[in-house]
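All remarks here apply to the structure that follows.
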Amino acid sequence: MPVDSKKVYIPLIFSLISLVLSLLQVSGIWVAISILCATIAWWIVCYKQQNGREVDVDNGSEGVDMLDSELRSFMLDDASQREQAARQIGSVVGDSVEKLGLSFSGLSEKSTHQRNLLINIVSRIQGEESSDSSSSLTVKAFAQELDGIIGQYVDLLISVSEKSIDAVHQIGDMVTHFDQMFLLLGQIRTIADQTNLLALNAAIEAARAGEAGRGFAVVADEVRTLSHNSNQLNDQIREKAENAKNAIDGVKGVVGEMASLDMNIAINAKGHVDDMLKELEEVNHFIEGSVEQLSGVTRDINDDVSRAIMSLQFGDIVEQLTQQVAVHSAKWSEMVQSGSTPSGTSASSIEGLLAEVRAWRKLEQVTKTVSQTNVEEGDVSLF
Amino acid sequence: MSVSTKVSSDNRELTVSVIGTFDFSCVQDFRASYSGDKQYGKYTIDMAKVDHIDSSALGMLLNMKKTVGEGIAITIVNCKPNIKKIFVISRFDKKFDFS
C-alpha cells in the first residue's frame, strides 16, 4: 500500500510543477515546457490507470522499469524533435532576417540615390549649378538674353522713329520756308513786271520827245532788258527751288519710311519670349514642388525602412528563444538519458530525475529573469 | 481728316482724336493738332477709333511730349488691346499716362 500511495503522488507532483510553471512563466518556451510537463504527468496517469492493477498484481519492479524506459524513450524522442525544430526555426528566421535587412538597406540606399539623381537633373535643367557655369547656357538664361535683345531692338526702333519724325517735322518747316520763298519770288516777279511796264512807258515818252528823248529811249530799253533778265533769273531760282522742294519731299518720304516700321514682328517675338519665360517659371515652380515632395517621399521611405530594420530585431529574439528551446530540450534529453541506467529501482530512478529537474529549474530561474527582461524589451521596440 | 481736336469747356485741356490708322500719313495733321500757339495744361490722346499703329506713331507721340514739355501730362485713353500691347512692349506706360 505505501508503494501505491507513492505512485499516486508522482503525477500530482508533475501536475503541480506544470501548474506552477504555467502560472509563473509568460514566455512561450516556458509555456511549452509546462505543457510538456503536463503531458508527462498525463502519460503517467494514463499508464497508472491502464497498468496499475497489473503492476499491483505483479507487485514487482519489472513493470515500472518498462514504463520508465518507454516514457524516457518518448521524452527523448520528443526532446530531440523539439531541439531540431527549434534550430530549424532559428536558422530559417535568421537567414530571412538577414536577407530582409540587406533588402531594406538596399532599398533605402537606392531611393536616396534616385532622389539625388533627380535633384541633379532638376538643377541641371534649372541651371542652378553646373560644372562650368561661365560657358553653359541654360534655357532660362537664353530666354532672358533674348528678351533683352528684343527690348533693345524695340528701343532702337522707337528711337529711330522718334528722330525720323523729328527730322520730318524739320523738313516740314523747311518746306514752309520754301513756300514763303516762292511767295517772295512772286513778289520779285511783280516788281520786275512793273519795272518792265515802267520802262515801256519811259520809251513811249522818249519817242514823243523826239530827238531830245533819244538817249532816254536807250536807257528805257536797257531797263526793260534788265527787267526781262530779272524775270528769267526769277524763273531759274523758282525752278531750282522747285527741284530742292521735290528733293526734300523725297527725303521726307524716305525718312517717313524709316519712321514707319511695323511693330508686329517685335511684338510677336516679345510676346513669345514672355510666354516662354512665364512657362519656364511655371515649370520651375512645378519642379521645385515635385522635388520637395520627392524629398519627403524619400524621407518617408527611409523612415519606413529604419522602422522595418528596427523591427527585424525580432529575428534576434526569435533566435534567442529557439536557442533556449533547443538548450532546454538538450538538457531534458541529457537528464532523461542520465537517469536511464537503472542503478536502483524505477521509483528511485524517477525520483532522481525529479530531483535533477528541480535543481535545474532552480538554476534556470536565475538566468531566466535576465533573458526574459531582454525579451520584454524586445517586445516593446517590436510592437 | 484723320485727326481731330477738341478743347475742353474750361479751355485748359486739349483732346486729340485719331481715326483709323495712326501712321506716317498723320504726321502733319497730328503735329498741327498740338503745335498751335496755345499751350494747354493737359493733353489727352483718344485712341478709341484707332485700329492700327506703327512705330511712327510712337515717334510722333514722343515728339509731342518733347514739344509740349516733360512736365505736362499726356494721357492716352481708350486703347484697343492690340494697341495697348504695343505701348506696353515699347515701355510707353512709363512715359505716358494710360487709363
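The values are calculated or read from the model by the stated rules, or taken from the named source; none is laboratory data. Treat the numbers as computed from the prediction; the structure is a model and nothing was measured. Methodologically, a virtual Cβ is constructed for each residue, glycine included, from the backbone with ideal geometry; neighbour enumeration extends over all protein chains shown. The accessibility values were calculated without ligands, DNA or RNA, using every heavy atom of the protein model including side chains. Shrake-Rupley method; radii C 1.70, N 1.55, O 1.52, S 1.80 Å.
Give the Cα extents of region B:2-98 along the principal axes, in whole Å, largest first.
33, 27, 21
Could you put A:Glu281, A:Glu364, A:Glu62, A:Glu70 in order of accessible surface area, largest first, with the 1.4 Å probe and the full protein assembly present?
A:Glu62, A:Glu281, A:Glu70, A:Glu364
To one decimal place, what orientation-averaged projected area in nm² is obtained for the convex hull of the Cα set of region A:225-291?
Values: hull surface 22.3 nm².
Spelled out: convex hull of the Cα atoms, projected over all directions, averaged, 5.6 nm².
When only Cα pairs under 8 Å and 6 or more residues apart are kept, what is the percent relative contact order across chain B? Let's see the in-between values first.
Details: 150 pairs, mean separation 26.0, N = 99.
Relative contact order here is 26 percent.
Averaged across the residues of A:151-163, what count of C-beta atoms belonging to other chains lies within 10 Å of each residue's C-beta?
Values: counts 3, 0, 0, 6, 2, 0, 5, 9, 4, 3, 12, 10, 3.
Shielding by partners across A:151-163 averages 4.
Straight-line reach from A:Lys110: which aspartates and glutamates have a Cα under 16 Å away, not including same-chain ones fewer than 8 places off?
A:Lys110 reaches A:Asp300, A:Asp303, A:Asp304.
Per residue of A:214-224, how many C-beta atoms from partner chains lie within 10 Å of its own C-beta, taken as a mean? Don't skip to the end; give the middle numbers.
On the way: counts 0, 0, 0, 0, 0, 0, 0, 0, 0, 0, 0.
That average works out to 0.
Rank by packing, highest mean first: peptides A:260-272, A:296-308, with packing defined as the count of other Cβ atoms within 10 Å averaged across residues. Please list the in-between numbers first.
Details: A:260-272: 16.9, A:296-308: 13.9.
For the peptides A:260-272, A:296-308, the packing ranking is A:260-272, A:296-308.
Given H placed on each backbone N at 1.01 Å, which residues far from B:Lys42 in sequence or on other chains put an amide H within less than 5 Å of it?
Amide H to amide H, under 5 Å and 5 or more residues apart or across chains, B:Lys42 pairs with B:Leu14.
Taking each residue in B:63-71, count the Cβ atoms of any other chain within 10 Å of its Cβ, then average. What number comes out? Let's see the in-between values first.
Working: counts 8, 1, 1, 3, 2, 0, 0, 0, 0.
Mean partner shielding for this stretch: 2.
For region B:2-98, with all protein chains present and a 1.4 Å probe, just round the carbon and sulfur fraction of the accessible area to a whole percent.
It is 48 percent, rounded to a whole number.
Identify all aspartates and glutamates with a Cα-Cα distance to B:Lys38 below 15 Å; exclude those on the same chain that are fewer than 8 residues away in sequence.
Cα-Cα hits under 15 Å: B:Asp10, B:Glu13.
Aspartates and glutamates near A:Lys240 by alpha-carbon distance under 16 Å, same-chain residues fewer than 8 away left out - which ones?
Once the sequence-local aspartates and glutamates are set aside, what remains near A:Lys240 is A:Asp179, A:Asp249.
Just to be sure I understand the model, the point goes 7 Å from the Cα along the line to the Cβ. What's the resulting A:Ser295 to B:Lys42 distance in nm?
5.4 nm
Please go through the residue pairs A:Lys270/B:Lys49; B:Lys65/B:Lys85; B:Lys49/B:Lys84; A:Lys245/B:Lys65 and name each one whose alpha carbons sit more than 22 Å apart in this structure.
Distance filter (> 22 Å) returns A:Lys270/B:Lys49; A:Lys245/B:Lys65.
If I take R0 = 35 Å and measure r between the Cβ atoms of A:Asp173 and A:Asp221 in this structure, what FRET efficiency does the formula 1/(1 + (r/R0)^6) give, to the nearest 0.05? Don't skip to the end; give the middle numbers.
Working: r = 44 Å, r/R0 = 1.25.
Rounded to the nearest 0.05, the efficiency is 0.20.
To the nearest 100 Å², how much accessible surface do chains B and A cover up together, summed over both, with a 1.4 Å probe? Numbers along the way, then the final one.
Numbers: alone 5770 and 25250 Å², together 29050 Å².
Using a 1.4 Å probe on protein heavy atoms, the buried area is about 2000 Å².
Accessible area per residue of region B:2-98 at 1.4 Å probe, in Å²?
Numbers: 4460 Å² over 97 residues.
On a per-residue basis, 46 Å².
Could you calculate the contour length gain from A:Gln152 to A:Ile265, that is, 0.36 nm times the residue separation minus the distance between their Cα atoms, to one decimal place in nm? Write down the numbers at each step before the final one.
Numbers: separation 113, 0.36 × 113 = 40.68 nm, distance 1.38 nm.
Value of the extension gain: 39.3 nm.
Measure nothing fancy, just the Cα-based angle from helix B:55-68's long axis to the longest principal axis of chain B, in degrees from 0 to 90, nearest 10.
So the inclination is approximately 20 degrees.
Can you compute the helix-only [θ] at 222 nm over chain B? Use -39500 (n - 2.57) per DSSP H run of at least 4 residues, normalise by all residues, nearest 500 deg cm²/dmol. Present the calculation step by step, with values, prior to reporting the outcome.
Numbers: 3 runs with 31 residues, N = 99.
The per-residue figure over chain B is -9500 deg cm²/dmol.
At a 1.4 Å probe, which residues in region B:8-48 are at least 20 Å² less accessible with all protein chains present than in their chain isolated?
With the partner chains in place, region B:8-48 has these residues losing at least 20 Å²: B:Phe24, B:Val27, B:Gln28, B:Arg31.
How far apart, in nm, are the 7 Å Cα→Cβ label points at B:Val7 and A:Ala141?
6.0 nm
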